[in-house]
Amino acid sequence: MAHMKGDFATAEAFYSKAITGFEQAGDEVRAAEATGNLGLILRRQKKFKEAKALFEKALAIWTKTERQKDIIHTLGYLGSLHFILRDFRQAIDIFTKRAELNLAKDDKAELAADYANRGNAWSKLANPNEAQKDWQQAKALYETAGKEKEAQMMAGLLAA
């Protein structure tokens, strides 16, 4: 694809045209997929606010069509964007929602990532107690999921 070669203009044009075509055809799912892909391209170019709007648009479609896996992925993209934009409170809220969904599907590795990301946001808000609680939870979940490298990273944060 063009974006893998750094040709973002071509990729943006391609996905914009695809979105329009899918929307005109009434294919919400493919429109949401293209919208999310365009959001990823914009994020890669550090066009964070534009990417955020596209992820929110895709999330609305995923929510309407009840596609849990896509909701979870898109919440991850939104949470990381809010973190980058230094909107740590919103990042925490998003990762909390994502954690609820990952808990429901018993995905311990993804749930651990949600706690780790929340801990990082709490740390940026100068709330070490909440950060420590989330990092501890992430460490335990990573250990349960057999993700030793990630569990060691959490142990390092807890020891700091």
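Just so you know, all these numbers are worked out from the coordinates, no wet-lab data involved. Please read these numbers as outputs of a predicted model, since none were measured by experiment. No Cβ is skipped: glycine too gets one built from the backbone with ideal geometry, and neighbour counts run over all protein chains shown.
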Once normalised by the length of the chain, the mean sequence separation of its alpha carbon contacts under 8 Å that are 6 or more apart gives a contact order in percent of 12
Rank-order 117-128, 147-158 by packing density, defined as the average count of other C-beta atoms within 10 Å over each peptide's residues, highest first. 117-128, 147-158
Ranking request for peptides 39-48, 13-22: highest mean number of other beta-carbon atoms within 10 Å first, then the rest in descending order. 39-48, 13-22
Rule-of-thumb check for the range 76-139: C-alpha Rg over 2.2 N^0.38 Å? 1.00
Restricting to Cα pairs under 8 Å and 6 or more apart, the percent relative contact order of the range 1-66 works out to 27
In the range 95-160, with Lys and Arg counted as +1 and Asp and Glu as -1 at Cβ, which of these residues, Leu141, Asn127, Phe95, has the Cα nearest the positive end of the dipole, that is, farthest along it? Asn127
Which listed residue (Leu111, Leu40, Ile84) has the Cα farthest towards the positive end of the charge dipole for the chain, taking +1 on Lys and Arg C-beta and -1 on Asp and Glu C-beta about the Cα centre? Ile84
Placing each pseudo-label 7 Å from Cα in the direction of the beta carbon, Ala126 and Glu23 end up separated by a distance in nanometres of 4.3
Over what distance in Å are the Cα centres of the range 1-73 and the range 100-138 separated? 27
Given the range 1-66, what whole percent of its Cα pairs are spread farther than 19 Å? 28
For the range 85-160, what does the relative contact order come out to in percent, with C-alpha contacts under 8 Å and a separation of six or more? 27
The chain: radius of gyration over Cα atoms, expressed as a fraction of 2.2 N^0.38 Å: 1.14
